[in-house]
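A.B. asks: One structure follows; several queries about it will come next.
The values are calculated or read from the model by the stated rules, or taken from the named source; none is laboratory data. Remember, predicted model here, so these are calculated numbers, not experimental data. So basically every Cβ, Gly included, is an ideal-geometry build from the backbone, and we count neighbours across all protein chains shown.
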Amino acid sequence: MRNVVLDLAVTLDGFIEGPNGEIDWCIMDDDMDFQGFLSTVDTIFYGRVSYEAWGNYQPDAHESEEARAVWRAVHAKEKVVFSRARFNDRNAITVSDNISGYVNTMKSKAGKDIWLYGGASLIKTFVDKDLIDVYRLSIHPTVLGSGKPLFEKLQQRLNLKLIQTKVFKSGVVQVIYHPLMI
């Protein structure tokens with residue numbers, strides 16, 4: 001059975017974006033081995049807004065070969081966009097209803113894990129529907145004070161079991177949790 005993995009950068013005070021959508025605080029250290037993570041997934045779940053911002057993103061020529069390689073790896077994955085609004089993109093499958101049924105069907109198919117990319121609204125939906133198997137959060141040593149929170153207005157408490165922690169040279173701490181079944 002495939003897992004849905006929420007892999008996300010978050011500030012120390014729990015924001016995934018600043019008040020103006022900024023993500024300039026997000027650190028990508030070489031010791032984080034993001035390419036290693038990408039090799040464990042073959043599908044990416046996006047919300048429409050996140051997909052429109054990043055689903056077809058192409059790095060500028062001034063970006064490093066390493067950054068371009070990451071984006072090539074991202075774009076090689078199957079992309080699924082969850083959207084209630086009319087959405088059509090030839091590079092992605094669109095899901096507009098029966099989210100739980102679709103996700104459970106995808107999880108039962110052969111393949112690698114599935115990366116739940118976000119955004120915040122889609123993450124909330126997945127949390128509320130208990131569709132996330134692994135929470136892989138990279139906590140960055142930045143406090144924004146305001147912005148878009150990772151967890152907002154959840155329908156119920158979320159209890160998690162710590163599986164692993166990693167500390168990177170930048171001070172980013174990655175925590176990996178599994179949902180705790182009560």
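A.B. asks: If I go through the stretch 31-62 residue by residue, how many of them are under 29 Å from LYS169 (Cβ atoms) and aromatic (Phe, Trp, Tyr)?
C.D. replies: Residues flagged as under 29 Å from LYS169 (Cβ atoms) and aromatic (Phe, Trp, Tyr) within the stretch 31-62 amount to 4.
A.B. asks: When you look at LEU144, is it touching a residue at least 60 places away in the same chain (Cβ under 8 Å), assigned to a loop (DSSP other than H, G, I, E, B) and under 19 Å from ALA53 (Cβ atoms), yes or no? Don't jump to the end; show me each part of the working.
C.D. replies: Numbers: touching a residue at least 60 places away in the same chain (Cβ under 8 Å): yes; assigned to a loop (DSSP other than H, G, I, E, B): yes; under 19 Å from ALA53 (Cβ atoms): yes.
For LEU144, the condition - touching a residue at least 60 places away in the same chain (Cβ under 8 Å), assigned to a loop (DSSP other than H, G, I, E, B) and under 19 Å from ALA53 (Cβ atoms) - is met.
A.B. asks: Related question: Under the condition of being surrounded by 10 or more Cβ atoms within 10 Å (Cβ to Cβ) and either free of Cβ contacts under 8 Å to residues at least 60 places away in the same chain or charged (D, E, K, R) (or both), which residue from the stretch 172-182 is farthest from LEU131 (Cα to Cα)?
C.D. replies: Of the stretch 172-182, the ones surrounded by 10 or more Cβ atoms within 10 Å (Cβ to Cβ) are 172-180.
This time we only want the ones that are either free of Cβ contacts under 8 Å to residues at least 60 places away in the same chain or charged (D, E, K, R) (or both), so: 173, 175-180.
Details: VAL173: 24, VAL175: 19, ILE176: 16, TYR177: 14, HIS178: 11, PRO179: 10, LEU180: 13 Å.
Ranking the candidates gives VAL173 first.
A.B. asks: Could I ask something else about it? Would you point out the residue of the stretch 126-141, among those that are surrounded by 16 or more Cβ atoms within 10 Å (Cβ to Cβ) and not aliphatic (A, V, I, L, M), that is nearest to GLU152 (Cα to Cα)? Before you say what the answer is, go through the steps one by one.
C.D. replies: In the first step, residues of the stretch 126-141 are kept if they are surrounded by 16 or more Cβ atoms within 10 Å (Cβ to Cβ); the result is 126-127, 131-140.
Retained after the next criterion (residues that are not aliphatic (A, V, I, L, M)): 126, 133, 135-136, 138, 140.
Working: PHE126: 13, ASP133: 19, TYR135: 16, ARG136: 18, SER138: 18, HIS140: 19 Å.
Residue satisfying both the conditions and the ranking: PHE126.
A.B. asks: Out of all the residues in the stretch 5-31, which are of a type outside the set (D, E, K, R) and within 17 Å of VAL74 (Cβ to Cβ)?
C.D. replies: Start the filter on the stretch 5-31 by keeping residues that are of a type outside the set (D, E, K, R), which leaves 5-6, 8-12, 14-16, 18-21, 23, 25-28.
Hits for the stretch 5-31 are VAL5, LEU6, LEU8, ALA9, ILE23, CYS26, MET28.
A.B. asks: Then there is this: Based on this model, can you work out whether ILE123 counts as out of contact with any Phe, Trp or Tyr (no Cβ under 6 Å at 6 or more places or on another chain), more than 23 Å from ASP31 (Cβ to Cβ), aliphatic (A, V, I, L, M) and surrounded by 15 or more Cβ atoms within 10 Å (Cβ to Cβ)?
C.D. replies: Values: out of contact with any Phe, Trp or Tyr (no Cβ under 6 Å at 6 or more places or on another chain): yes; more than 23 Å from ASP31 (Cβ to Cβ): yes; aliphatic (A, V, I, L, M): yes; surrounded by 15 or more Cβ atoms within 10 Å (Cβ to Cβ): yes.
So ILE123 fits the description; yes.
A.B. asks: Further question on the same structure: Here is a list: GLY55, GLY36. Which entry is exposed (fewer than 15 other Cβ atoms within 10 Å of the Cβ), among the small types (Gly, Ala, Ser) and under 16 Å from HIS75 (Cα atoms)?
C.D. replies: Details: GLY55 fails: exposed (fewer than 15 other Cβ atoms within 10 Å of the Cβ).
The unique qualifying residue is GLY36.
A.B. asks: I'd like the residue in the stretch 32-69 that is touching a residue at least 40 places away in the same chain (Cβ under 8 Å) and among the aromatic types (Phe, Trp, Tyr) and, out of all such residues, is farthest from ALA92 (Cα to Cα).
C.D. replies: The qualifying residue farthest from ALA92 (Cα to Cα) is PHE37.
Residues are listed down the side, and each one gets a yes or a no for (1) touching a Phe, Trp or Tyr at 6+ places or on another chain (Cβ under 8 Å); (2) under 29 Å from ILE163 (Cα atoms):
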{"position": "ALA61", "(1), (2)": "no, no"}
{"position": "SER64", "(1), (2)": "no, no"}
{"position": "ALA67", "(1), (2)": "no, yes"}
{"position": "LYS77", "(1), (2)": "yes, yes"}
{"position": "ARG84", "(1), (2)": "no, no"}
{"position": "ARG90", "(1), (2)": "no, no"}
{"position": "LYS129", "(1), (2)": "no, yes"}
{"position": "HIS140", "(1), (2)": "yes, yes"}
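A.B. asks: Restricting the search to the stretch 155-182, which residues are part of a strand (DSSP E or B) and farther than 22 Å from TRP115 by Cβ? Can you show your working first?
C.D. replies: Of the residues in the stretch 155-182, the ones part of a strand (DSSP E or B) are 160-167, 173-179.
The one that is part of a strand (DSSP E or B) and farther than 22 Å from TRP115 by Cβ: VAL167.
A.B. asks: Residues being of a type outside the set (Lys, Arg), touching a residue at least 40 places away in the same chain (Cβ under 8 Å) and more than 10 Å from VAL127 (Cβ to Cβ): count how many of those fall in the stretch 147-163.
C.D. replies: Within the stretch 147-163, the subset of a type outside the set (Lys, Arg) is 147, 149-152, 154-156, 158-160, 162-163.
With touching a residue at least 40 places away in the same chain (Cβ under 8 Å) added as a condition, the list becomes 147, 149-151.
Narrowing further to those that are more than 10 Å from VAL127 (Cβ to Cβ): 147, 149.
Selection size over the stretch 147-163: 2.
A.B. asks: Now for a different question. One residue is enough: does the stretch 89-108 have a residue meeting the conditions touching a residue at least 40 places away in the same chain (Cβ under 8 Å) and loosely packed, with under 13 Cβ neighbours inside 10 Å? It would help to see each step written out before you state the result.
C.D. replies: Here is the first cut: in the stretch 89-108, the residues touching a residue at least 40 places away in the same chain (Cβ under 8 Å) are 92, 103, 106-108.
Checking which are loosely packed, with under 13 Cβ neighbours inside 10 Å leaves us with 108.
Scanning the stretch 89-108 turns up at least one residue that is touching a residue at least 40 places away in the same chain (Cβ under 8 Å) and loosely packed, with under 13 Cβ neighbours inside 10 Å.
A.B. asks: In the stretch 28-46, what count of residues is obtained for those that are modelled with pLDDT of 85 or more and either among the charged types (D, E, K, R) or touching a strand residue (DSSP E or B) at 6+ places or on another chain (Cβ under 6 Å) (or both)?
C.D. replies: Final tally of qualifying residues: 9.
A.B. asks: Which numbered condition trips up SER100, out of (1) modelled with pLDDT under 90; (2) assigned to a helix (DSSP H, G or I); (3) polar (S, T, N, Q); (4) more than 16 Å from the chain's Cα centre (by Cα)?
C.D. replies: Evaluating SER100 over (1) modelled with pLDDT under 90; (2) assigned to a helix (DSSP H, G or I); (3) polar (S, T, N, Q); (4) more than 16 Å from the chain's Cα centre (by Cα) leaves (1) as the failure.
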